[in-house]
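Read the structure below first, then the notes.
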């Protein structure tokens, strides 16, 4: 019986070692699909982020990013395929594995992200400030973030907004799983304020005009160069083609038309 | 007829039975008596195969029990546990039938055999009750019926009076007397002196895993002389 | 803003989301029950099969030690590329849930079987039952009665875990709701509605268990 035990343990460990070795090996995979050989443009995104990407009552994907993706696919002469990956982690894993060609999900272009992936700006000017949202009224004596000692601000973890708050250690950060929950937080007094993207601030203020806004000025290194289409760095060919397509779409006023349609500044 | 020859049982270095030799005879009640821990229960469990043997043989009608399949041995040797071990999720009738079904007896016949036995034990009117609804004495009678359903020629009972009151003990004595009259080989272990005296027939006295004395009441007339330790034990 | 009217046009989306949640839950429950029962029996003391016992312990160690979310990610991203196949998010995530929950069910079943007094096995032995017959006719009914409430808890846990399917893009009930909230900004009514639907599902299994327990009274009041 002791032999069985030894064999089973050894087999189990061997299996684990094998799995580990394979995963490490996979990291160096050269599984880049040459774009020109494929007929579809596979775009990774995630629904539930109106007005960028959401599912309408008929079950169809719609939103600013969807329209951009469709227009891009047209320009590239390929069929658009939308893959809903549900979350940030899954999107980046998919991109890395090569099962999607690009992520179009309203992602802010930040220095940090540019270290790992290529991002092609398709919307938004350089953002020099983020909106701080208050419910109903701005507290007495507060004219900028520096007056907000020991106050709480709701922010999405791992977002560009959270990164911007690192210079203000006297602020108490309150994490929200989804940016829409930030609205709940200020509405019900769980947070003093919320720090969100400009487009989201617009969306909230449209529905609840009583929201007041204070700008949070960003230092140059935190400034965001708009939102970008995210592509793997070594997929040079696709990067160039998408850049060219985006330039054409902007010149033709198409992207601006989408901005108006979806209420994005 | 069961012949046990130089049976030794040990579990993890502890010796429970040392070279025990004895016999169980048809039509007689063979009791194993002795103080607690003497090895009586171990001996019975060894006969029925619940305990592995270190050495020795057990012969049933000159056939080694060790060579029998579980199935075959069950049809020859029956066993009643000290805590009965009735199946809690089956009714009394089902408890008695189920083993028969395992042994390829058709359902109707199994039911009727079980019913007859339960009738003999006076338990037929409880046939649809569950063991949890029965008293100790009632459970024992069901356990005996369950055992007898397979019609074994040898029946073993481990400390049968452990959880019985005097009234039920008398019922048990009646049942056992009937069994030997029908020619069954009966073996049992007990620490209950008054019960031992009531059913005294062939008695082995065990202590420390060894048979110290043996007494056959049909042969011996003077217990004090021939089996002093046994007599002392019975008259404590 | 938080009235139910807003939700009416989204009824089909919510229905679809509920359907996916229900399907994932039922499949995972049945799958983990089967897997867990087999492994639990094979690794129980009475059915001692050392060849299976140690690998199964390794399995439960892994299944219980890695968070379900991570197992889903592995099932959806890592395994398919190792095996060179593509699987849908639903299949991968449900499979991961079966694997994960199966580990817990294995422990529940094994503990249940091990807690049956050895006297029951002995009684089966002396009556000539094979191990399989003993398990099926005598031991299993007792084990089931014992572990049914615990299995219920595990199934309720599974129901809640189905929301993890959202992280790889499957639009189950919670995610369908989040999508609506992002469009209409009416979190309260959506959260309430979704909570009610989950409770409805949970109620179903609670009722089933109560009915099953009634049938297994066996004379105990």
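The values are calculated or read from the model by the stated rules, or taken from the named source; none is laboratory data. None of the values given here were measured: they were computed from a predicted structure. Positions of Cβ are backbone-derived with ideal geometry, glycine not excepted, and every protein chain shown enters the neighbour counts.
Tallying residues that are facing chain C (nearest Cβ under 10 Å), out of contact with any helix residue (DSSP H, G or I) (no Cβ under 8 Å at 6 or more places or on another chain) and assigned to a helix (DSSP H, G or I) within the stretch B:77-120 yields 1.
In the condition set (1) under 21 Å from residue A:142 (Cβ atoms); (2) touching a strand residue (DSSP E or B) at 6+ places or on another chain (Cβ under 9 Å); (3) surrounded by fewer than 19 Cβ atoms within 10 Å (Cβ to Cβ), residue A:178 is compliant with all but (1). Just so you know, in the stretch A:172-195 the residues that are in contact with a helix residue (DSSP H, G or I) (Cβ under 6 Å, 6 or more places away or on another chain) and part of a loop (DSSP other than H, G, I, E, B) include one that is nearest to residue C:177 (Cα to Cα), and it is A:176.
Once the stretch C:82-94 is narrowed to residues that are part of a helix (DSSP H, G or I) and in contact with a helix residue (DSSP H, G or I) (Cβ under 8 Å, 6 or more places away or on another chain), the residue that is nearest to residue A:96 (Cα to Cα) is C:82. Determine whether residue A:117 is surrounded by 16 or more Cβ atoms within 10 Å (Cβ to Cβ), modelled with pLDDT under 90 and either away from every other protein chain (no Cβ under 14 Å) or touching a helix residue (DSSP H, G or I) at 6+ places or on another chain (Cβ under 6 Å) (or both). The answer is no for residue A:117. Remark: pairs (first residue in the stretch C:207-221, under 13 Å from residue B:89 (Cα atoms) and within 13 Å of chain B (Cβ to nearest Cβ); second residue at pLDDT 85 or above and part of a helix (DSSP H, G or I); Cβ separation under 6 Å; 6+ apart in sequence or on different chains) = C:216/C:145; C:219/B:132; C:219/B:133; C:220/B:132. Could you check, for the stretch A:62-76, whether at least one of its residues is within 11 Å of chain C (Cβ to nearest Cβ), at pLDDT below 85 and part of a loop (DSSP other than H, G, I, E, B)? No, the stretch A:62-76 has no match at all. The condition of being under 20 Å from residue B:183 (Cα atoms) and surrounded by 22 or more Cβ atoms within 10 Å (Cβ to Cβ) holds for only one of B:78, B:34, that being B:78.
Out of all the residues in the stretch C:119-127, is one or more closer than 30 Å to residue C:45 by Cβ, in contact (Cβ under 8 Å) with a residue 24 or more places away in the chain and buried (at least 19 other Cβ atoms within 10 Å of the Cβ)? Within the stretch C:119-127 (the criterion being closer than 30 Å to residue C:45 by Cβ, in contact (Cβ under 8 Å) with a residue 24 or more places away in the chain and buried (at least 19 other Cβ atoms within 10 Å of the Cβ)), the answer is yes, since at least one residue qualifies. Among the residues of the stretch A:90-97, some residue qualifies, meaning at least one is at pLDDT 85 or above, surrounded by fewer than 17 Cβ atoms within 10 Å (Cβ to Cβ) and at the interface with chain C (Cβ under 9 Å from one of its Cβ atoms).
One residue is enough: does the stretch A:135-152 have a residue meeting the conditions modelled with pLDDT of 85 or more, under 16 Å from the mean Cα position of the chain (by Cα) and part of a strand (DSSP E or B)? Within the stretch A:135-152, none of the residues are modelled with pLDDT of 85 or more, under 16 Å from the mean Cα position of the chain (by Cα) and part of a strand (DSSP E or B).
The single condition among (1) without any contact (Cβ under 8 Å) to a residue 40 or more places away in the chain; (2) within 14 Å of chain C (Cβ to nearest Cβ); (3) more than 24 Å from residue A:67 (Cα to Cα); (4) over 21 Å from the mean Cα position of the chain (by Cα) that residue A:181 does not meet is (4).
Being over 17 Å from the mean Cα position of the chain (by Cα) and farther than 27 Å from residue C:7 by Cα is the filter; apply it to the stretch A:43-74 and report the residue that is surrounded by the most Cβ atoms within 10 Å (Cβ to Cβ). That would be A:72.
Scanning the stretch A:49-105 for residues that are farther than 28 Å from residue C:81 by Cβ and in contact (Cβ under 8 Å) with a residue 24 or more places away in the chain yields A:50, A:51, A:52, A:63, A:64, A:67, A:68, A:71, A:75. Looking only at residues of the stretch C:170-193 that are buried (at least 24 other Cβ atoms within 10 Å of the Cβ) and in contact with a strand residue (DSSP E or B) (Cβ under 6 Å, 6 or more places away or on another chain), we find that the one that is farthest from residue C:23 (Cα to Cα) is C:182. Checking each residue in the stretch C:1-30 for being within 21 Å of residue C:204 (Cβ to Cβ), in contact (Cβ under 8 Å) with a residue 24 or more places away in the chain and within 12 Å of another protein chain (Cβ to nearest Cβ) picks out C:14, C:16, C:17.
For the stretch C:128-144, give me each residue that is buried (at least 19 other Cβ atoms within 10 Å of the Cβ) and either touching a strand residue (DSSP E or B) at 6+ places or on another chain (Cβ under 8 Å) or more than 7 Å from chain B (Cβ to nearest Cβ) (or both). Passing the criteria: C:134, C:135, C:139, C:143. Just to check your reading of the model, which residue among C:199, C:164, C:192 is farther than 21 Å from residue C:29 by Cβ and part of a helix (DSSP H, G or I)? Criteria check complete, one pass: C:192.
Among the conditions (1) touching a strand residue (DSSP E or B) at 6+ places or on another chain (Cβ under 7 Å); (2) within 14 Å of chain C (Cβ to nearest Cβ); (3) surrounded by fewer than 18 Cβ atoms within 10 Å (Cβ to Cβ), the only one that residue A:129 does not satisfy is (2). The listed residues are A:155, A:142, and the only one of them that is under 21 Å from residue A:46 (Cβ atoms) and touching a residue at least 12 places away in the same chain (Cβ under 8 Å) turns out to be A:155. Of all the residues in the stretch A:199-222, those that are within 19 Å of residue A:158 (Cβ to Cβ) and surrounded by fewer than 18 Cβ atoms within 10 Å (Cβ to Cβ) number 1. Is the stretch C:194-201 home to any residue that is surrounded by 24 or more Cβ atoms within 10 Å (Cβ to Cβ) and either within 14 Å of another protein chain (Cβ to nearest Cβ) or in contact with a strand residue (DSSP E or B) (Cβ under 6 Å, 6 or more places away or on another chain) (or both)? No: zero hits. Out of C:97, C:58, C:33, C:79, one residue alone is outside any loop (DSSP other than H, G, I, E, B), touching a residue at least 60 places away in the same chain (Cβ under 8 Å) and surrounded by fewer than 23 Cβ atoms within 10 Å (Cβ to Cβ). It is C:33.
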